[in-house]
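The values are calculated or read from the model by the stated rules, or taken from the named source; none is laboratory data. Quick caveat: nothing in here was measured; it's all calculated off a predicted structure. FYI the Cβ positions are ideal-geometry reconstructions off the backbone, even for glycines, and counts take in every protein chain you see.
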Amino acid sequence: MTSSVFTAERLLFTPANPDTDAIPTIFAFPNEYGVGITSLGYQVVWATLAMRSDVQVSRLFTDTHEQLPRNPELLGFSVSWELDYVNILNLLEFLEIPIQETSRDDSHPIVFGGGPVLTANPEPFADFFDVILLGDGENLLGNFIEAYKEVRSASRKTKLQALAQVPGVYVPSLYEVKYDAPDGAIQSILPISTEIPAVVQKQTYRGNALSASTVVTEKAAWENIYMVEVVRSCPEMCRFCMASYLTLPFRTASVESSLIPAIEKGLLVTNRLGLLGASVTQHPEFETLLDYINQPKYDDVRLSIASVRTNTVTAQLAKTLAKRDTRSLTIAIESGSEKLRQIINKKLHNDEIIQAAVNAKVGGLTGLKLYGMVGIPGEEPEDVEQTVAVMRRLKKAAPGLRLTLGCSTFVPKAHTPFQWFGVNPQAEKRLQFLQKQLKPQGIDFRPESYNWSIIQALLSRGDRRLSQLLELTRNYGDSLGSYRRAFKQLKGQLPDLDFYVHAHWSTEGLLPWHHLQGPLSETTLRKHLADAMSYSDLIAMSK
Ligand code: SF4
């Protein structure tokens with residue numbers, strides 16, 4: 001691919017003219033251009049840097065790049081997908097920068113990272129980064145750059161020590177992790193000196209203007225889409241859900257002063273609009289927003305909504321979407337079992353799922369995609385049978401509506417009350433059971449690979465001993481077999497795969513992210529876990 005991709009871009013901001021002594025910076029997305037430029041997070045951080053005259057930023061993707069500075073001082077990565085770590089290592093090599101931060105010296109740039117993957121649990125990737133930005137970027141990024149400017153000519157060591165003082169800036173090498181044994185439990189995680197904060201607090205932005213696209217291009221994976229963030233986080237707090245727990249509190253963009261002006265600006269350059277957020281329809285003024293988009297002047301606008309809460313699917317919403325070129329809707333039901341939904345704190349009843357399907361059909365949509373999970377803590381085989389039963393009921397209640405069930409395996413995520421649970425090995429069989437039951441009913445069943453869930457769980461609960469394993473796995477390929485092979489090779493140097501993936505961890509132990517404070521304290525998360533357990537004898541959780 002040539003740099004012509006950049007000429008197809010329509011910018012919605014004005015880049016600054018860099019000062020002569022601007023900080024030469026590379027801002028990378030560790031995947032292809034089409035994927036990276038579709039990430040709202042990447043777009044916004046890049047534009048923020050490009051609007052500063054004290055930074056000269058060039059973009060880097062795996063398949064293309066702008067003209068890169070010969071001696072960058074800062075190299076940033078926006079990480080949205082766990083397995084992209086392989087591309088981070090490849091790009092470091094491409095730039096002739098040592099992969100391990102311990103091998104870098106004063107001639108190398110400060111390698112920083114941010115984004116959802118690193119904010120959730122940066123520890124498996126700790127050895128590859130000098131600095132990790134935890135939390136919302138709005139104020140954090142500017143504070144980081146300002147602090148860097150203060151120590152720009154200092155040694156690498158001094159720079160890192162100064163940067164570690166900025167709230168939300170995590171410098172992994174300044175924390176020492178001790179273990180009971182090389183392959184044993186974590187004993188302590190402490191800063192190497194008293195000047196370094198013992199706990200790094202993830203940053204929360206509290207303004208009422210959320211993000212919006214800074215660039216629109218036909219080369220994006222979602223061609224020509226203009227995205228606006230309608231809400232951040234989700235107030236529902238399903239006990240497994242990182243999209244809610246990691247980004248609390250729930251925040252909504254002001255319709256009057258933020259969303260409408262942003263949409264007006266975006267729709268001047270495209271007619272494709274995406275409303276983003278973990279629970280878009282939960283915006284208290286969602287109806288007002290919909291009415292605004294429903295104006296005749298926007299009749300040709302194609303609308304996509306990232307997430308719709310099941311009990312907000314009204315016939316009116318379905319009608320609006322059908323009119324705007326959306327054929328089907330996705331709702332997350334997690335399970336057909338009311339008991340399991342109680343355990344996970346999902347306030348949804350089977351009757352509401354049926355009503356959503358009826359409304360979708362009445363409104364003119366042709367399909368409904370449901371999203372479920374197997375292996376939820378407390379799940380018994382009967383619960384999976386109930387999912388089959390609900391799908392059968394839906395078929396009867398909304399005949400002709402194309403039904404799809406996408407299904408993943410429960411994966412524990414850091415900073416959620418279910419972080420202590422392991423992956424249920426029975427999940428694979430349960431996915432096969434659903435496949436067998438639903439196919440003959442004419443229901444399209446789309447399971448997510450069980451092996452991929454195992455790898456996700458490993459990265460999601462990993463500690464920094466995994467860094468060496470990830471480097472090794474990279475040479476073997478990205479299958480689960482490659483990870484197993486690397487574990488075998490490193491036997492005795494870190495716990496085994498089962499410990500990270502399947503074991504239920506004691507709530508007394510030290511978590512790998514113990515020193516990284518999320519929105520809620522560990523005590524609160526334990527309380528939410530206890531609430532969940534009160535619904536069921538979770539001793540049966542590993543069944
Ligand atoms: S409703 Fe969806 S986004 Fe909200 S907490 Fe539950 S799973 Fe997460």
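A few remarks follow.
- Residue count, region 63-85 (criterion: part of a loop (DSSP other than H, G, I, E, B) and either under 27 Å from R461 (Cα atoms) or among the basic types (K, R) (or both)): 4
- Residue satisfying all of: in region 206-223; hydroxyl-bearing (S, T, Y) and over 17 Å from the mean Cα position of the chain (by Cα); nearest to the ligand (Cβ to nearest atom) among these: S213
- Pair list, Cβ under 7 Å, 6 or more apart: region 428-452 residue touching a residue at least 12 places away in the same chain (Cβ under 8 Å), other residue among the charged types (D, E, K, R): Q441/R392; Q441/K395; I443/K395; F445/K439; Y450/E428
- Being in a helix (DSSP H, G or I) and more than 16 Å from the ligand (Cβ to nearest atom) holds for only one residue in Q187, Q161, and it is Q161.
- All told, L276 meets the bar of being touching a helix residue (DSSP H, G or I) at 6+ places or on another chain (Cβ under 7 Å), closer than 30 Å to Q456 by Cβ, within 16 Å of the ligand (Cβ to nearest atom) and outside the structural domain of R324 (by TED's automatic domain parsing).
- Only one of T288, T281 that is surrounded by fewer than 17 Cβ atoms within 10 Å (Cβ to Cβ), among the hydroxyl-bearing types (S, T, Y) and not assigned by TED's automatic domain parsing to the domain that holds E352: T288
- Count of region 228-260 residues which are part of a helix (DSSP H, G or I) and either among the aliphatic types (A, V, I, L, M) or within 10 Å of the ligand (Cβ to nearest atom) (or both): 7
Residue by residue, here is whether (1) more than 25 Å from the chain's Cα centre (by Cα); (2) assigned by TED's automatic domain parsing to the domain that holds I110; (3) at positive phi; (4) assigned to a loop (DSSP other than H, G, I, E, B) holds:
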| residue | (1), (2), (3), (4) |
| --- | --- |
| N17 | yes, yes, no, yes |
| T20 | yes, yes, no, yes |
| I26 | no, yes, no, no |
| Y42 | no, yes, no, no |
| T48 | no, yes, no, no |
| S53 | yes, yes, no, yes |
| Q56 | yes, yes, no, no |
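- Subset tally (residues that are out of contact with any Gly (no Cβ under 8 Å at 6 or more places or on another chain), in a helix (DSSP H, G or I) and surrounded by 17 or more Cβ atoms within 10 Å (Cβ to Cβ)) for region 92-127: 7
- Hits in region 244-259 - residues which are under 11 Å from A209 (Cα atoms) and of a type outside the set (S, T, N, Q): R251, A253, V255, E256, L259
Here's the yes/no breakdown for (1) at pLDDT below 95; (2) outside the structural domain of L91 (by TED's automatic domain parsing); (3) farther than 27 Å from G114 by Cα:
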residue: R446; (1), (2), (3): no, yes, yes
residue: S460; (1), (2), (3): no, yes, no
residue: L470; (1), (2), (3): no, yes, no
residue: D478; (1), (2), (3): yes, yes, no
residue: R484; (1), (2), (3): no, yes, yes
residue: L490; (1), (2), (3): no, yes, yes
residue: D498; (1), (2), (3): no, yes, yes
residue: D537; (1), (2), (3): yes, yes, yes
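- Enumeration of residues in region 224-245 that are under 13 Å from the mean Cα position of the chain (by Cα) and surrounded by fewer than 21 Cβ atoms within 10 Å (Cβ to Cβ): A243
- Among (1) more than 28 Å from T119 (Cα to Cα); (2) within 14 Å of the ligand (Cβ to nearest atom); (3) touching a Leu at 6+ places or on another chain (Cβ under 9 Å), the one test that I263 misses: (2)
- Beta carbons closer than 6 Å, at least 6 apart along the sequence or on distinct chains, pair a first residue in region 166-188 that is at positive phi with a second that is in a loop (DSSP other than H, G, I, E, B) and at pLDDT 95 or above for G168/L134.
- Some residue of region 131-145 being part of a helix (DSSP H, G or I), crowded, with 23+ Cβ neighbours inside 10 Å and in the same structural domain as P167 (by TED's automatic domain parsing): no
- The residues on offer are S453, S408, S482, and the sole one that is part of a helix (DSSP H, G or I) and either within 18 Å of the chain's Cα centre (by Cα) or surrounded by 22 or more Cβ atoms within 10 Å (Cβ to Cβ) (or both) is S453.
- Filtered residue count, region 318-349, keeping only those that are in a helix (DSSP H, G or I) and either within 16 Å of the ligand (Cβ to nearest atom) or closer than 20 Å to P417 by Cβ (or both): 6
- From the options S328, S304, S335, residue that is hydroxyl-bearing (S, T, Y), assigned by TED's automatic domain parsing to the domain that holds E380 and in contact (Cβ under 8 Å) with a residue 60 or more places away in the chain: S328
- When K395 is tested against the conditions (1) away from the ligand (no atom under 13 Å from the Cβ); (2) surrounded by 16 or more Cβ atoms within 10 Å (Cβ to Cβ); (3) part of a loop (DSSP other than H, G, I, E, B), the lone failure is (3).
- Some residue of region 257-267 being touching a residue at least 60 places away in the same chain (Cβ under 8 Å), buried (at least 16 other Cβ atoms within 10 Å of the Cβ), touching a helix residue (DSSP H, G or I) at 6+ places or on another chain (Cβ under 8 Å) and not assigned by TED's automatic domain parsing to the domain that holds Q165: no
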